[in-house]
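First the structure, in the form of structure tokens, and then the observations on it.
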Amino acid sequence: MKSFLAFLVAMGILVSLGDAGCWSKIHKPGEAKDGCMINGKLYPFGHIERTEDCYACSCGEDVMKCCSLFHTPVSYDKKKCKVVFNKKSCDYDVVQKNDPSKTCFVYSRVG
């Protein structure tokens, strides 16, 4: 039982250290001469605090790296609640299906 508990603790640490909401793109030579293109919008070289799609990015001539600014809810009352993306806050709101003005409790998120 103790080894199983140790395994669960170790897995919890590994999952929390993971960076599932990040991605990168290697540019072909000359592809990013004016900046980085993300979903049809050109961003300048350097750090991008927030894209229109809620990512923080680093734009270079060779590579572009982005991480999401949002965390996806995975544990909540799925029978009574629904998930709605809030582009203004760059996060998901979990609200009651029958009354979207009321929020629901979220037990865990990933991303």
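Computed values, structure above
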| quantity | calculated |
| --- | --- |
| Residue match in the range 66-87 (condition: touching a Cys at 6+ places or on another chain (Cβ under 7 Å) and under 25 Å from P29 (Cβ atoms)) | yes |
| Those residues of the range 23-38 which are in a strand (DSSP E or B) and surrounded by fewer than 13 Cβ atoms within 10 Å (Cβ to Cβ), in sequence order | S24, I26 |
| Selection from the range 92-101 of residues that are out of contact with any Pro (no Cβ under 9 Å at 6 or more places or on another chain) and surrounded by 10 or more Cβ atoms within 10 Å (Cβ to Cβ) | V95, Q96, K97, P100 |
| The range 42-53 residues that are in the same structural domain as E31 (by TED's automatic domain parsing), paired with ones that are of a type in the set (D, E) (beta carbon under 9 Å, 6 or more apart) | L42/D34; P44/D34; F45/D34; F45/E61 |
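The values are calculated or read from the model by the stated rules, or taken from the named source; none is laboratory data. This is a predicted model, so every value here is computed, not measured. Neighbour counts are summed over all protein chains in view; Cβ atoms, including those assigned to glycine, are modelled from backbone coordinates with ideal geometry.
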